[in-house]
Amino acid sequence: MKLSIVIPVYNEEATIRAILDKVRTVDVGMDKEIIVVDDGSHDRTRQILKEEEAKGDIRVVYHEKNKGKGAAVRTGIANARGDFIIIQDADLEYDPQDYPKLLKPLLEGEADVVYGSRFLSGGGEKMLSLHRIGNRFLTAITNLLYGSSLSDMETCYKVFRTKLIRAIPLHSNRFEIEPEITAKILKRGYKILEVPISYRGREFHEGKKISWKDGFGALWTLLKYRFVE
């Protein structure tokens, strides 16, 4: 078996080497492949990725221009060769050492999809206040619309069997990819199991990109896919 780790990247010159080192060293009990999708970075990220790519243990797909996180995630999924896929942000907010416990319920047949919840572990308290409130609100709307009982719909750590996620048509280009994935998984009747993960939120001056404006897109996405495909 093999785990595909999809890393969407946009202007992360300060952290990309560190996250790649962390992903390389984590033991997941199976083969793993690292797929980085550079979404049109214009800082030194591309130069660094070319240097890292020369080591021969990662694959990099380059978007010629910035399309958004959703587009990068979709490109990564399309290029995955593993049996399982996990999404990994490049900003060091999430710890790859959590991979084994995220994979465990899938390997033991306890769930179809596993989400890493920041709120089950208390990591949600390390978010910016506005992000924490927005996340709580969007997660509550998800549970109301789709009959779920999630605590962290917007988490980056989503793990699924590759065949499952590839069978779901995804269209979002920006941060609304998170609610689109969740809405379509739940609408198809798949079980999402949450496990607690560690989390270290970063500030805007450190490169945080998602803003309150993205919350409106997420809300519309949840409403739209409740009633249309």
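Here are the numbers for this structure:
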| read-out | value |
| --- | --- |
| Whole-Hz ³J(HN,Hα) from phi, Karplus 6.51 cos²θ - 1.76 cosθ + 1.60, for the stretch 96-106, glycine and proline x | x, 4, 7, 3, x, 6, 6, 6, 3, x, 5 |
| Proxy reagent accessibility, fewest Cβ within 10 Å first, across T75, T221 | T75, T221 |
| Mean Cα-pair separation over length for the chain, i.e. relative contact order, pairs under 8 Å, 6 or more apart, % | 24 |
| Whole-Hz couplings from phi, Karplus 6.51/-1.76/1.60, listed for the stretch 76-93; x for Gly and Pro | x, 4, 5, 9, 6, 10, x, 7, 10, 10, 10, 8, 10, 5, 9, 9, 6, 6 |
| Mean ellipticity per residue at 222 nm, deg cm²/dmol - from DSSP H runs of n ≥ 4 across the chain, formula -39500 (n - 2.57) | -11500 deg cm²/dmol |
| Which of Y115, Y146 has the fewest Cβ neighbours within 10 Å, and the rest in rising order | Y146, Y115 |
| Overall dimensions of the stretch 1-111 as given by Cα atoms, namely Rg and Dmax in Å | 13.6, 42 |
| Relative counts (whole %) of C-alpha pair distances in the chain, using bins that are 5 Å wide | 1, 7, 15, 20, 22, 18, 11, 4, 1, 0 |
| The stretch 1-98: GluC sites (Glu not before Pro) in DSSP coil with no more than 13 other Cβ atoms inside 10 Å | E64 |
| Fewest-first ranking of M153, M1, using other Cβ atoms within 10 Å as the exposure measure | M1, M153 |
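Just so you know, all these numbers are worked out from the coordinates, no wet-lab data involved. In this text the structure is predicted, and so the values were computed from the model without any measurement. Backbone-built Cβ (ideal geometry, glycine too); neighbour counts: all protein chains shown.
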